[in-house]
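Trainee: First the structure, which I've put down as structure tokens, then a few questions once you've had a look.
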Amino acid sequence: MADNKNLMDKLVSLCKRQGFIFQSSEIYGGIGGFWDYGPLGVELKRNIREAWWHDMITGHDNTLTPEGAPSPYSMTGLECSIVMHPQVWKASGHYELFHDMMVDCHECKSRFRADHIGSSQCPQKPSKCPGEHDKCDLTEPREFNLMFKTHVGALFNPDSEAYMRPETAQGMFVNFKNVVDTSRVKLPFGIAQIGKSFRNEITPRNFTFRSREFEQMEMEFFCRPEESRQWYEYWRDQRYNWYVNLGLKSDKLILRDHEADELSHYSNGTADIEYAFPFLGEGEYGELEGVAHRGDYDLRSHSEGKLVRDGDGFAVELGEDGKPKYSGSGKDLRYHDQVANEKFFPHVIEPAAGCDRAALAFLCEAYTEDQVPDGKGELQERIVMKFHPRLAPIKAAVLPLRKKEDAEIAKDIYRKLKPYWNVFYDEGGSIGRRYRRQDESGTPYCITVDAETAEDNSVTIRDRDSLKQERIPVDELIGKLHEKLSGA
Ligand code: ATP
């Protein structure tokens with residue numbers, strides 16, 4: 001644990017030093033739970049988003065049955081607004097149920113999540129858990145809604161209240177009919193979205209792990225009820241493998257099925273994909289993604305009104321007047337199967353991932369300290385970010401060995417590569433220092449231009465991880481990099 005804490009401190013410092021992640025509004029002292037991505041961080045996050053979008057949507061073949069799937073399926077994308085009609089959150093259950101239990105201390109005026117008391121720290125010295133000092137004066141746990149409230153329009157009254165979305169999922173449900181009517185998709189199919197979500201977390205912490213503004217990558221997969229179990233299992237495995245294929249080691253990644261008493265009010269089954277983040281204790285894991293079997297809860301709620309458990313199923317929750325407590329849209333959101341001529345609410349499987357948590361896991365996994373020869377027969381410590389090539393912010397750096405003589409040829413090579421990848425040109429400092437800088441940025445390949453280049457039109461490619469150097473003709477550079485970066 002001590003080593004892990006040390007590792008986390010080193011990673012946070014590297015993120016700042018190299019421009020991966022900064023505290024939001026840092027020059028004003030920062031604001032808790034908000035983070036900014038710097039020049040390298042923004043590329044890392046874009047690459048995660050693009051990998052997800054490609055692997056889930058644009059790279060998916062709608063005509064084939066993938067291994068482990070019951071049938072072929074279609075995938076479509078969507079992007080909806082952050083502020084939605086307030087009734088969306090009433091029908092979905094968020095207005096009433098999206099809360100944490102919190103405990104306040106009258107003495108130090110701090111607020112803690114009731115389920116985190118044992119792992120939280122009271123601000124009084126010496127550091128102890130809340131409630132452990134004689135002076136601590138804790139309240140009973142009370143509900144605290146996590147949705148950020150705002151007002152729409154010029155008037156500030158209860159009628160103008162709206163919410164910043166706490167998840168992207170509801171956008172897919174309320175647009176279900178629009179997508180079916182316009183894209184001609186047939187069951188089974190998925191609608192996916194990437195976008196910002198906001199939660200007024202009581203105790204944001206662990207770097208970006210628990211933030212108040214974060215990005216989600218969510219997909220709602222609609223299928224026939226009798227096939228839903230098989231699809232649930234398919235998506236659990238797909239999503240777990242996605243992280244492994246992008247470099248998270250399987251011994252640090254677990255797929256954990258929720259116990260019955262952990263399930264959300266809507267869920268018929270949920271599995272979390274969890275990673276052994278270094279800020280957690282031995283044997284502890286933090287959630288990267290939840291894969292939930294949501295049944296027909298959401299489409300029915302948005303049709304009929306907020307649902308509550310009723311035996312094995314759900315029924316519309318009624319108010320004292322016998323009408324739905326929180327009404328739905330009244331629109332028929334059932335799917336019409338034209339071949340079987342039947343109408344029904346499809347069941348939904350939802351893989352819900354956090355882009356920032358994925359970025360943090362990839363950063364933790366990539367951070368490596370090793371030793372490399374310094375060219376004078378000694379070994380030198382280095383820090384290297386071993387990102388998967390698809391995620392690496394910079395794919396290759398072009399480095400002239402001699403600033404004067406080799407610069408023009410090096411710039412020419414840089415310009416040839418630029419249309420294909422995010423490449424970096426660097427002529428400042430010794431070659432060893434330039435390699436070290438690229439290692440810390442996680443650049444998989446360095447291309448060195450030297451005196452031989454002018455003679456035989458060849459360059460050296462240095463591999464970030466193995467340090468192997470290969471001499472290749474400049475004409476083969478683009479093909480070679482394509483091959484290497486695609487992981488072939
Ligand atoms: P937690 O139990 O950690 O609060 P959750 O179960 O409420 O998470 P979901 O509602 O399932 O999370 O959201 C899906 C994903 O969105 C999570 O797996 C996580 O990756 C991401 N996420 C949720 N809350 C946050 C947050 N406060 N900061 C960063 N990412 C988050």
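Trainee: Would you calculate the volume per residue, in Å³, of the smallest convex hull containing every Cα atom of the range 236-339?
Mentor: Taking only Cα atoms, the range 236-339 has a hull volume of 178 Å³ per residue.
Trainee: Tell me, how many Å apart are the Cα centres for the range 119-134 and for the range 410-488?
Mentor: When both Cα centres are located, 53 Å separates them.
Trainee: From the P(r) of the range 364-451, could you give the percentage of C-alpha pairs in the tail past 24 Å?
Mentor: Above the 24 Å cut-off, the range 364-451 has 22 percent of its Cα pairs.
Trainee: Still on this structure, please answer the following. Cα centroid distance between the range 303-328 and the range 221-299, in Å?
Mentor: Going from one Cα centre to the other spans 28 Å.
Trainee: Straight-line reach from LYS135: which lysines have a Cα under 27 Å away, not including same-chain ones fewer than 8 places off?
Mentor: LYS109, LYS125
Trainee: Now for a separate question. Can you tell me which lysines have their Cα less than 24 Å from the Cα of LYS418? Leave out same-chain residues fewer than eight positions away.
Mentor: Result set, ordered by chain and number: LYS45, LYS386, LYS395, LYS403, LYS404, LYS468, LYS480, LYS484.
Trainee: Taking 7 Å along the Cα-to-C-beta vector as the label spot, tell me the LYS403-SER119 distance in nanometres, rounded to one decimal.
Mentor: The two pseudo-label positions are separated by 5.0 nm.
Trainee: Then there is this: On a 0 to 90° scale, report how tilted helix 431-441 is relative to the longest principal axis of the chain, with both axes built from alpha carbons and the result rounded to the nearest 10.
Mentor: The helix 431-441 is inclined about 10 degrees to the chain.
Trainee: If you take the beta carbon distance between LYS186 and GLU161 as r and set R0 to 41 Å, what does 1/(1 + (r/R0)^6) give as a FRET efficiency, to the nearest 0.05?
Mentor: 0.60
Trainee: Computed FRET efficiency, Cβ-Cβ of ILE31 and SER264, R0 35 Å: what is it to the nearest 0.05?
Mentor: 0.75
Trainee: Need one number: % antiparallel among DSSP beta bridges in the range 394-487, to the nearest 5.
Mentor: Beta bridges within the range 394-487, antiparallel portion: roughly 55 percent.
Trainee: Cross-link partners among lysines for LYS325, C-alpha distance below 20 Å, same-chain residues fewer than 8 apart left out?
Mentor: In chain and number order, the partners are LYS90, LYS306.
Trainee: Same structure, new question: When the helix-only estimate is applied to the chain (DSSP H runs of n ≥ 4, each -39,500 (n - 2.57), divided by the residue count), what is the mean residue ellipticity at 222 nm, nearest 500 deg cm²/dmol?
Mentor: One gets -8500 deg cm²/dmol as the mean residue ellipticity at 222 nm.
Trainee: Further question on the same structure: Once you place label points 7 Å from the Cα toward the Cβ at HIS99 and ARG111, how far apart are they in nm?
Mentor: 1.2 nm
Trainee: Percent relative contact order of the chain, based on C-alpha pairs within less than 8 angstrom and at least six residues apart?
Mentor: 13 percent
Trainee: Sticking to Cα atoms, compute the Rg of the range 338-395 to one decimal and its Dmax as the biggest Cα-Cα distance, whole number, in Å.
Mentor: Cα only, the range 338-395: 23.3, 78 Å (Rg, Dmax).
Trainee: Given axes a ≥ b ≥ c from the Cα gyration tensor, I'd like to know whether the range 112-246 is rounded (a/c under 1.5), prolate (a/b larger than b/c) or oblate.
Mentor: Oblate, since a/c reaches 1.5 and b/c is not below a/b.
Trainee: Okay, next question. Work out, in µm²/s and without decimals, the Stokes-Einstein translational diffusion coefficient of the chain at 25 °C, 0.890 mPa s, Rh from Kirkwood over C-alpha pairs.
Mentor: 96 µm²/s
Trainee: Taking Cα atoms, how many degrees apart are the long axis of helix 355-366 and the longest axis of the chain, rounded to 10 and kept between 0 and 90?
Mentor: On a 0 to 90 degree scale, this one is about 40.
Trainee: Just to confirm the filter: which trypsin sites (Lys or Arg not before Pro) across the range 210-249 are DSSP coil and have at most 14 other Cβ within 10 angstrom of their Cβ?
Mentor: LYS249
Computed from the coordinates by the stated procedures, all read-outs in this text should not be read as laboratory data. The shown structure was predicted, so the numbers you read here are calculated from the model rather than taken from an experiment. Cβ sites come from the backbone with ideal geometry, for glycine too, and all protein chains shown count toward neighbours.
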